[in-house]
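The values are calculated or read from the model by the stated rules, or taken from the named source; none is laboratory data. Bear in mind the structure is a predicted one, so any value in this text is a computation, not a measurement. Heads up, the Cβs are rebuilt from the backbone with ideal geometry, glycines too, and the neighbour counts pull from every protein chain shown. Heavy atoms of the whole protein, side chains included, go into the accessibility calculation; ligands, DNA and RNA do not. Shrake-Rupley method; radii C 1.70, N 1.55, O 1.52, S 1.80 Å.
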Amino acid sequence: MRFYPLLFLLAFQLNPLSAQVIEETNTDEIYEEAVDLYRNGEFNKAINYTQKGLELAPGYHDIRVLQIRNYWALKNYDRAEKELLYLMENAPEYPGVLKLVYRQISYEKGDETMEFLHSASRVYPRDAHLQALKSDLLFKSGKKEQARALALKTLEMKQVSSEDKYLLQTILKRTIKDEIGVIYQYLYFSDEYSRNDPWHSISAEYKHSFNRTVVLGRVNYTDRSYDSGSLYELEAYPVFNDRLYAYLNAGVSDGSIFPDFRGSASVYYNFAKALEAEAGGRLLHFSDKDFFTGILGLSLYTGNFYLNLRSFLGPERKDELVQNYQFNVRYYLSTADNYLFTRLGSGISPDERTIFTQVQNRPDLNVYYINAGINHTLGVHHVIQLTGGYLFEDINSDLKGNQFIANIAYHFRF
């Protein structure tokens, strides 16, 4: 007979609260006591009080919110989800509920994440952040067509954050399977140039997506009236993870206009949600000479704007360091493929394939330019880009010249 009281006493000592009866019936007092217990890290005791409070008042939403936070603290994410689903069904617009939904998503695992996102999307169909997360999850699970369709739809919503725009635009870039394009450039010279016949350039390219890596082949042809040449290029954009990707390029030429060989590499890293840093270089080989250019860049997605600063430093030519500084702006009209753009710069970068001649001429002379244009989609498959530009440069120490540049590009996606 003495054995049973001892067992009862031991059980009470191991779990004293389970034997404790909460006599309080004032739900406000119960809530305040539960808050104090939560702040002190006594989460199991706090749950006893929140459960009691919800028995008395199931519609006391602050108590249920506190119960969810207690379950999170105890890593009981399944129970937290059940309580959150109740709030989503009965009080979806209650202050703070949507933020709880965002946080719960980070705790979900595997297929449960998509199930919860489906539930949340039904309750909040116009919430851009939820749709962006859902698009990202579809992309990661290999459902690229669904991910792209949802990304396009989400970008048309109002109040899409900079972070979500960056994510959605990245998804769109990585879900293009095949694309062919042709680009034509016309370059007009003012009378100050000794050779002022217009230059004509045309490029044809083909792009294909291999899982998370995009590969592109391009042929460039330039006619400068006094000479002509072709450049053959192969590019790749390997994606390592959600924050890190790279740009690789190799090209060979059959004439004197382009370098005999050009090699390019840049690494891009996304940080602080909407910022992207670039570091890389370009190597150009002319006959028996090599020229190297280092590159640093920083981009920001804010609202409808994409802002980018880039600097190209090198090569050193005639005891002068060739330098190019750019400021690029895009204003997105709707999706990632519909935008206005402009570029302000000084110097000419090695990425300007058809007009980069400073390494062979006078690097100490000044060059300034501005380009502006529009990139626009027609339906699902067609993309058109129009660009106009003006370049002002020192021809020599006493003479200055002007160049006018016009580009038209067409791409077909399939």
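Spatially, the stretch 363-412 and the stretch 168-191 are offset by 13 Å when compared through their Cα centroids. Nearest 0.05, what FRET efficiency do Ser119 and Ala246 give at R0 = 45 Å with Cβ-Cβ as r? Efficiency, rounded to the nearest 0.05: 0.75.
For the chain, set up a GNM with springs between Cα atoms under 10 Å and report which of Pro363, Pro315, Pro92 has the largest fluctuation. Fluctuation is largest for Pro92. Ranking Phe292, Val182, Ile395 by Cα position along the charge dipole of the chain, where only Lys, Arg, Asp and Glu carry charges on their C-beta atoms, puts Val182 farthest toward the positive end. Annotation for the stretch 44-120: trypsin sites (Lys or Arg not before Pro) lying in DSSP loop with at most 15 further Cβ atoms inside 10 Å of their Cβ are Lys75, Lys109. Put simply, the C-alpha atoms of the stretch 268-414 give a gyration tensor, and the ellipsoid matching it has half-axes of 30, 19, 15 Å, longest first.
The stretch 253-308 and the stretch 104-155 have Cα centres separated by 33 Å. Sequence neighbours fewer than 8 away in the same chain don't count; with that in mind, list the lysines whose C-alpha is under 20 Å from Lys289. Within reach: Lys318. The dipole here belongs to the stretch 45-151: it is taken about the Cα centre, uses +1 on the Cβ of Lys and Arg and -1 on the Cβ of Asp and Glu, and is about 280 debye. Under the rule a/c < 1.5 gives rounded, and otherwise a/b versus b/c splits prolate from oblate, where does the chain land using the Cα gyration tensor? Prolate, because a/c is 1.5 or more and a/b exceeds b/c. Taking a straight Cα-Cα cut-off under 18 Å and skipping sequence neighbours fewer than 8 places away in the same chain, the aspartates and glutamates within cross-link reach of Lys52 are Glu23, Glu24, Asp28, Glu29, Glu32, Glu33, Asp36, Glu42, Asp62, Glu83. The accessible surface of the chain, taken with every protein chain in place and a 1.4 Å probe, is 56 percent carbon and sulfur. Sparsely packed loop sites in the stretch 266-349 (the trypsin sites (Lys or Arg not before Pro) outside DSSP H, G, I, E and B with at most 11 other Cβ atoms within 10 Å) comprise Lys318. Angle check, please: helix 3-14 long axis (alpha carbons) against the longest principal axis of the chain (alpha carbons), in degrees 0 to 90, nearest 10. For helix 3-14, the angle is close to 30 degrees. Taking a point 7 angstrom from the Cα of Val329 along the C-beta vector, which residues in the stretch 294-310 have backbone N less than 16 Å away? The answer is 299-310.
For the stretch 148-290, the residue among Asn220, Ser256, Thr154 whose Cα projects farthest onto the positive side of the dipole built from Cβ charges is Thr154. Among Tyr237, Tyr268, Tyr31, the residue with the largest mean-square fluctuation in a Gaussian network model of the chain, with springs joining Cα atoms closer than 10 Å, is Tyr31.
Can you give me the angle between helix 128-140 and the longest principal axis of the chain, using Cα atoms only, in degrees from 0 to 90, rounded to the nearest 10? Between the helix axis and the principal axis of the chain, the angle is about 70 degrees. Taking square-rooted eigenvalues a ≥ b ≥ c of the alpha carbon gyration tensor, is the stretch 309-390 rounded, prolate or oblate, where a/c under 1.5 means rounded and, failing that, a/b exceeding b/c means prolate? Prolate shape, in that a/c is at least 1.5 and a/b is the bigger ratio. Think of each Lys and Arg Cβ as +1 and each Asp and Glu Cβ as -1; about the Cα centre, that makes the dipole of the chain roughly 740 debye.
GNM remark for the chain: springs join alpha carbons under 10 Å apart, and the peak mean-square fluctuation among Leu150, Leu313, Leu56 falls on Leu56. Report D for the stretch 15-148 in µm² per second (integer): Stokes-Einstein, Kirkwood Rh on Cα pairs, 25 °C, 0.890 mPa s. Taking Rh from Cα pairs, D becomes 153 µm²/s. Accessible surface area normalised per residue over the stretch 282-412 is 49 Å², counting heavy atoms of protein chains with a 1.4 Å rolling probe. With R₀ fixed at 56 Å, the C-beta to C-beta distance from Asp394 to Ala149 puts the FRET efficiency at about 0.65. Projecting the Cα atoms of Thr354, Tyr369, Thr335 onto the charge dipole of the stretch 282-383 (Cβ charges, centred on the Cα centre) puts Thr335 farthest toward the positive pole.
What is the helix-to-structure angle for 43-56, meaning the angle in degrees between its Cα long axis and the longest Cα principal axis of the chain, kept from 0 to 90 and rounded to the nearest 10? That helix lies at roughly 70 degrees to the long axis.
One decimal place: the segment Phe414-Ala204 gains 74.0 nm when fully extended, by the rule 0.36 nm per residue minus the C-alpha distance. Shape class of the stretch 291-346 from the alpha-carbon gyration tensor: prolate, with a/c at 1.5 or above and a/b greater than b/c.
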